[in-house]
Each structure stands twice: as C-alpha cells, then as structure tokens.
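Q: Got a structure for you, questions after.
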Amino acid sequence: MEKLRLGVLASGQGSNLQAIINATADGRIDGIVTVVISDHQEAFALERARQNNIPAHYLDINSFAGKAAFEEEIVNILRNYQVDLVCLAGYMRVLSSVVLDAFPQRIINIHPALLPAFPGLHGQKQAWDYGVKFSGCTVHFVDQGIDTGPIIIQAVVPVLDEDTADTLAARILEQEHQIFPEAIQRFAQGKLAITGRKVFTKR
Ligand code: GRF
C-alpha cells in the first residue's frame, strides 16, 4: 500500500512532530512526513525536520499581502509535496477557508484539553485554573471554528492535588504523543468515517 503523505504545520517546539516522525520510522504510522511548515523562524519543529532530512519551510506572514496570500503559499507547498493529510501539531494560527477548502476532511489538529471544554489557547492551564478533576487531549478534524471539528480520539488525564499547571501540561503532552500518531494511523488505514459530528473507527 502507498504510504500516506503527511504535511505538518507547527509553530513551536515540535514534540508532537517528533512523535509523528518516530511513529512513521517504527511502523506505527503507514506514512511519511514529506514537509514541515512553520510560521516561526525559530520554531524547534523546523530544526527537528532538518535533523530528520525532512524539507522545512518557514513562512513569514508579514512578507505576504495578507493572510489569504500566506495561506495560498501554504497550500502551494502542501500540494507540491502531494500531501494527503495535514497535521496541525502546535500550529498557533486559525486556518481560513483557503487551506480548509484545499484539504476537505484532510486536516487534523491536536488540542491539549478534553473538547469541547477549554478550546483556544492554553487549554491545559484553562482546565487547571477551572479546577477540573480530569482533563486530557483531543485529536479532531479541523473545521472553520476554533477547536470545534469532529473528534477522532481523546485521552483522559486525571488532575492530581499536587499538580501545577506545568506538571499537568507535561502529563497531557505525553498522551498527545500517543493519540496523535494513533489517529493518523487510523486515517492512513482508511478506518475513519465521519457522519455529521461523529467520527467512527471501522474495525
Ligand atoms: C501541544 O500542547 C498541542 O496540543 C498544542 O500546542 C502544543 C504543541 O507542542 N496545540 P509541540 O510543539 O508539539 O511540542
């Protein structure tokens, strides 16, 4: 079977990118990361890509006429690498229809909370501040909203009395590194079926 061609968008340290790369390397994902794109020049995700001989593209949004032109370039790059699935791994911008329409039902995101609770920025800290007893992480398809698309997999992480926002975030991140590759593999195997808001995993 042809390997799924992944394009990863990342703004930060890229630990989820690394988890995806590792899973492609050891056969847990029947796929290959073909390109990494970042909106931050200093993003360590770009360095991780280079270390793994994956093309790394930095795009400075300020050098484009506007967000649409910036996203058109993202689409151009993803198409050049014949990307099948776009993975948002800590990509800190909301995608517009320019990218969404180019890859319908082919963009997934990792969010560090149990959606629909605590969408948006700093989901781990939002949950900790709120005082919930369980939080976690969510992999979902991306739609035009902020962290609102159909949910593929969630992992639950208990909040401990001794937790700080940082220790909770660290344990959530460990789970992100498990469920993001798992969701990608289900997609790669053609197992995901979307019906309205629901995503079913075929056996
Ligand atoms: C993760 O917590 C992810 O859920 C959120 O941004 C963070 C990115 O971490 N969207 P990394 O860059 O993958 O290490």
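Q: Out of all the residues in the range 83-99, is one or more without any contact (Cβ under 8 Å) to a residue 24 or more places away in the chain and either on the phi > 0 side of the Ramachandran plot or out of contact with any Gly (no Cβ under 8 Å at 6 or more places or on another chain) (or both)?
A: Step one: filter the range 83-99 for residues without any contact (Cβ under 8 Å) to a residue 24 or more places away in the chain, giving none.
No, that holds for no residue.
Q: Sticking with this one: Can you tell me which of (1) touching a Phe, Trp or Tyr at 6+ places or on another chain (Cβ under 9 Å); (2) assigned to a loop (DSSP other than H, G, I, E, B) is the one residue 139 doesn't meet?
A: Going through the list (1) touching a Phe, Trp or Tyr at 6+ places or on another chain (Cβ under 9 Å); (2) assigned to a loop (DSSP other than H, G, I, E, B), residue 139 breaks only (2).
Q: Something else: Looking at 48, 5, which one is within 17 Å of the chain's Cα centre (by Cα), under 20 Å from residue 181 (Cβ atoms), touching a residue at least 24 places away in the same chain (Cβ under 8 Å) and more than 16 Å from the ligand (Cβ to nearest atom)? It would help to see each step written out before you state the result.
A: Numbers: 48 fails: more than 16 Å from the ligand (Cβ to nearest atom).
Of the residues listed, the single one that is within 17 Å of the chain's Cα centre (by Cα), under 20 Å from residue 181 (Cβ atoms), touching a residue at least 24 places away in the same chain (Cβ under 8 Å) and more than 16 Å from the ligand (Cβ to nearest atom) is 5.
Q: A further question on this structure: Residue 37 - would you say it is open to solvent by less than 30 Å² (accessible area, probe 1.4 Å), under 19 Å from the mean Cα position of the chain (by Cα), β-branched (Val, Ile, Thr) and closer than 26 Å to residue 174 by Cβ? Before the answer, list the steps.
A: Numbers: open to solvent by less than 30 Å² (accessible area, probe 1.4 Å): yes; under 19 Å from the mean Cα position of the chain (by Cα): yes; β-branched (Val, Ile, Thr): yes; closer than 26 Å to residue 174 by Cβ: yes.
For residue 37, the condition - open to solvent by less than 30 Å² (accessible area, probe 1.4 Å), under 19 Å from the mean Cα position of the chain (by Cα), β-branched (Val, Ile, Thr) and closer than 26 Å to residue 174 by Cβ - is met.
Q: Now for a different question. With the checklist (1) within 16 Å of the ligand (Cβ to nearest atom); (2) under 14 Å from the mean Cα position of the chain (by Cα); (3) of a type in the set (A, V, I, L, M) in hand, flag the one item residue 85 doesn't pass.
A: Condition (1) is where residue 85 drops out.
The values are calculated or read from the model by the stated rules, or taken from the named source; none is laboratory data. Only a predicted model underlies this, so the values are computations on that prediction, with no experimental measurement involved. A quick note on method: Cβ atoms are made from the backbone with ideal geometry, for glycine too, and the neighbour counts reach across all protein chains shown. Side chains included, ligands, DNA and RNA excluded: accessible areas come from the protein's heavy atoms. Shrake-Rupley method; radii C 1.70, N 1.55, O 1.52, S 1.80 Å.
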